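Written below as structure tokens is the structure these notes are about.
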């Protein structure tokens, strides 16, 4: 217990020493926080780089699979293939991972390393933005696909319900489920 009766009033020198010690502690804390912030930024960059690399691997895998003869699907034979198309206008921009073309149809494939149900609205919007950004294809049939190295059953079923082709890696093979495909 503190005995208030024996306490001496603080001298200006004591107060000054306490203030200096507090200022020193605050500066050390600021420097420590700066170092923590620097480390966190490096970590974010590293983790982001890993995620980008995984996405790049998935895009290359599926692009090469389609390019090397697997362009016969959606009931169509596609003659041309492009990847990473990033068109934009004054009011709209989008990105298309893989696009296949023929004389009457376009297939837009969204590629994810690990797909999620939140990707479905993104895929569905691709048909709409493609028609706007590429008016020459406005009368073409548009097919949509979601390609992923990993699908879980509920996501696969949701794609089927929405009329989106499920494109996945199974061993060394690309498997395409386009039985319930819808023309957009």
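Structure notes:
- The smallest convex shape that holds all Cα atoms of the stretch 13-184, its convex hull, gives 167 Å³ per residue.
- Oblate is the label for the stretch 79-146. Its Cα gyration tensor axes, ordered a ≥ b ≥ c, give a/c of at least 1.5 and b/c at or above a/b.
- Multiplying the residue separation of residue 67 and residue 183 by 0.36 nm and subtracting their alpha-carbon distance yields 39.5 nm.
- Relative contact order of the stretch 13-184, defined on C-alpha pairs under 8 angstrom at six or more residues apart (%): 16
- If the segment from residue 150 to residue 173 were pulled out straight at 0.36 nm per residue, it would be longer than the present Cα-Cα gap by 7.0 nm.
- Burial order of peptide ranges 17-23, 110-116, 74-80 (average beta-carbon count within 10 Å, highest first): 110-116, 74-80, 17-23
- Peptides ranked, highest mean first, by Cβ atoms within 10 Å: ranges 94-100, 123-129: 94-100, 123-129
Each reported figure results from applying straightforward, stated rules to the coordinates on display, with no laboratory input. Everything numeric in this text was worked out from a predicted model, so none of it was measured. Note that we place each Cβ from the backbone using ideal geometry, even for glycine, and neighbour counts take in every protein chain shown.
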